Structures are given as structure tokens and as C-alpha cells.
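Heads up: the structure comes next, in C-alpha cells.
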């Protein structure tokens, strides 16, 4: 689609939004029902697309993508009426004979730019929130996941008129053309580098944006942890989608006294979950493309590999890999891994770890495996990160009742459930003042005495 065509599409969406058609809650609910039905209808095609793009099994595709979309739609259908209502708030005595309320209203014409690693989930979940909030939407799927992009386009085309929700496919040229438009809101999920470019463009138009980025998410395992359970859950979260998950544990900080036990449990668990030959496991996926495959291979130091390390260039597959004796100087610690490589670093002083993490860039996620209440309190209260888990990994993003988002370099803003509705809405603050009484004390000329006493009574 050319820049001119994108501009024409946006003009149609502006006109549709200005008509007021998207605002009634009944309309929003009807569209959400259409979307839910479409996800159910095309479940097999969605699974096939995810298999084609990333090698995902149908089980994982439903568990981590389409199933979570259905959950988000269901949540919004239950709660959108409540979210869309004006909310009365306290009115101070100084505003006597009035009532105050907050009224959520849609931003208007929004753009959602989604990534390739969870191409269905991270396109349809924010779309659900945007529809619930009453916006028109342009969806821009990643060019790196073309099969999923095609099924999304097919679904959306059947569900909605393009002046309401439309899909624009393509690469950098289309991204540029979209960001050159004057939009009302932009939602972006992707890398920090591209996120910076998106923010530069939105800044030119003073367009509000939510950025869901990434970073190196640490996972701490202390000596009080249930080591075997920690290993099991870390293997699940790290090697899910071949490590191509923005909140996957990027590296493990393991207390020295349990490191050997932990690595042994980790290796046993990988073998249990993925078998003796993970690259032949039909449920184990692949790296998205050759470029990322080669980048990841360059991060593997064979001298430090204690498990895995096998690769298949023909299929862009890398087996679950564990590296021990890793230091901050290793290449694998220089960037977000975003692949099935798990470096293990050790520590002896938990307090020193906390203080060191305070100096690093704020990650999208942080995980702690511990049964020490003091350690849990320190990590939850003192460290800054987008979200996380105690004694588990990644599952915090699978609930609509909690917002999901980053902080600092890992992103800005949040979505899911109520947070998603609020992300795609502007909350107007309104005071409704009665007309049958008008207190004179605020008007000039100002007078001391009784009026001044009243003023001090009201404003305290």
C-alpha cells in the first residue's frame, strides 16, 4: 500500500470516527463478539500460520496466542460497560453545589504495530482493547511473519469495514508511511531500536503512544529456592517459542551454593521436556529467519556450553542451550538474547545482586525463585521493572486483570484488561456546576473578613 493509499484509508477512518458510530457500548460489544467468533472460526488456519512462521505446535499456538486472545475478548465483553461509564469522584467543599466525574472517551484513529514473535496474540490483544475503548484501528503486522499476517488480514476483512478496522501489510516503507500520518494514538510492540524511531515520529505530531519493548530480564535463584521446581519452570519460560519471548528469562543469577544442583536439574528438565533430540521434536519451533539465527549462533561460546548447543542452519533451529561460567564481558550478556540460549552467572551475596541490578537498565521482567521472605520483599519493593513473578516466569502476562508493560528502556504504558481500555482512552475530568447559586467570594474585588474566613475554611 502506497503512502497516498494509506492517507486515503486514514481519511475514511477519520470520517467514520467523527460520525460517532464507534462510541455506543452496544456497538463495541457487537464488534468484540464478531472478533471472538472469527478467532474460533479460523482456529485451524491460525495454527497453520503460526506453524509456517515460527514452527509453533498447535498446542503452543492456542496456549500462548489464540487462546489468550479469546480470554482478553471475553474479559472485555464482561467489563466494557463498566469501564465506559463515567465515574463520579469527590468534589471539594470549595466547589459547593457541583458534582465531579471522569468520562473515558476514545482517542479516535489509532495505529497498532505488532511484532513477529507472537504475531497473532500481540496484534489481536491490543486490537481488542482498542475496539472496547471505541476507536477506529489500523493494524500493521510484522513482515517477518507473513502467514500470520495473511490470516489476520482475512479475518479482519470479514469482520469489519476498512473505515473501521483495516490491515496494512508490508515492510519498512509502509511503516514509514503510517508513522508519517497524523494519528490520534500509536501502540507499538517491538525492539528498543525501532521503538525509539516510533517515538521520534509520534513526537513530531505530539501523538500519545504506548511502547512495549524488551531488555535483558534477569532471573534470580537463591539458596532457599526449590531448585528442581525452579529449573522446571525456567525451562518452560525460557525455551517457549525458542526463547523468542520478550519476557523470557534472559539470564540466570544463581547463588553459588546451589549452582551445580541447579544446572544439573536444568539439564535434566530440558531433556525431560524436549527429549534427547530437541531439533527433531515436532513441538519445538524455529528461529524466525536466517538473520536472527546467525546472530544467535554468534552468541554461543562453545567452551562454556554445558548443555545443548546444536544447530540446524537448514531449518534455522537452535537446541535449548545452557552456558555456565558466563561473565558480563561475554557476548551473550551484551544484548537481549531473544533465543534459546540461557547463560548462568553466579553470586554469593544477595544484597550485592540487588544493588547491582539497581544500576542496570530497567528490564521488562524480573523473576525471583526464593522462599526467603526478606529477599522477596527487597525484589518486589526496591527494584524497578515492568512486571514479573515470584517462583515462576512469564505467566504474569497471561491475566487480563493485571496490566502488562515496561518501564524506562523496556517501554512506557501498559495494556491488558482495564489497563488496555485506559491505554486506548482519554479520561476527561469534568465539573458539573449548578446554576441556582453562585458564591461570590471567588470574584474580584477580593474582600477580607467573612469571605476570607470562608476561603480558608474551604481550602485546607
* Asked: Does at least one position in the stretch 269-283 carry a residue that is surrounded by fewer than 17 Cβ atoms within 10 Å (Cβ to Cβ) and in contact (Cβ under 8 Å) with a residue 60 or more places away in the chain?
  -> yes
* strands (runs of 3 or more DSSP E) enclosed by the stretch 246-324 - at least 2 residues per element that are farther than 24 Å from residue 57 by Cα -> 251-255, 305-307
* Asked: Hey, among 400, 427, which residue is buried (at least 20 other Cβ atoms within 10 Å of the Cβ) and within 30 Å of residue 135 (Cα to Cα)?
  -> 400
* Inspect all residues belonging to the stretch 437-455 and state whether any of them is surrounded by fewer than 13 Cβ atoms within 10 Å (Cβ to Cβ), over 24 Å from residue 130 (Cα atoms), touching a strand residue (DSSP E or B) at 6+ places or on another chain (Cβ under 9 Å) and touching a residue at least 40 places away in the same chain (Cβ under 8 Å). => no
* Residue list for the stretch 325-365, restricted to those being touching a strand residue (DSSP E or B) at 6+ places or on another chain (Cβ under 6 Å) and outside any loop (DSSP other than H, G, I, E, B) -> 332, 341, 342, 343, 344, 345, 346, 347, 353, 365
* Asked: Within the group 246, 219, 242, 254, which residue is surrounded by 19 or more Cβ atoms within 10 Å (Cβ to Cβ), in contact (Cβ under 8 Å) with a residue 24 or more places away in the chain and on the phi > 0 side of the Ramachandran plot?
  -> 242
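What number of residues in the stretch 1-20 are in a loop (DSSP other than H, G, I, E, B) and without any contact (Cβ under 8 Å) to a residue 24 or more places away in the chain? Talk me through it step by step, then tell me what you get.
Pass one, the stretch 1-20, residues in a loop (DSSP other than H, G, I, E, B): 1-2, 19-20.
Adding the requirement that they be without any contact (Cβ under 8 Å) to a residue 24 or more places away in the chain leaves 19-20.
Adding up the residues that qualify gives 2.
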* Could you check, for the stretch 29-36, whether at least one of its residues is modelled with pLDDT of 95 or more, over 20 Å from residue 154 (Cβ atoms), in the same structural domain as residue 168 (by TED's automatic domain parsing) and outside any helix (DSSP H, G or I)? => no
* Is it the case that some residue within the stretch 194-207 is assigned to a loop (DSSP other than H, G, I, E, B) and touching a strand residue (DSSP E or B) at 6+ places or on another chain (Cβ under 7 Å)? -> yes
* Only one residue in 142, 74 is surrounded by 23 or more Cβ atoms within 10 Å (Cβ to Cβ), modelled with pLDDT of 95 or more and under 22 Å from the mean Cα position of the chain (by Cα). Which one? -> 142
* **Any pair with Cβ under 8 angstrom, 6 or more apart, that starts in the stretch 389-402 at a residue that is without any contact (Cβ under 8 Å) to a residue 60 or more places away in the chain and ends at one that is loosely packed, with under 15 Cβ neighbours inside 10 Å and not in a loop (DSSP other than H, G, I, E, B)** => 389/395; 390/380
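Would you check if residue 262 is surrounded by fewer than 22 Cβ atoms within 10 Å (Cβ to Cβ) and either modelled with pLDDT of 95 or more or not assigned by TED's automatic domain parsing to the domain that holds residue 366 (or both)?
no
The values are calculated or read from the model by the stated rules, or taken from the named source; none is laboratory data. Since the structure is predicted, the reported quantities are computational estimates derived from the model, not experimental observations. Cβ coordinates were reconstructed from backbone atoms using ideal geometry, including for glycine residues, and neighbour counts include every protein chain displayed.
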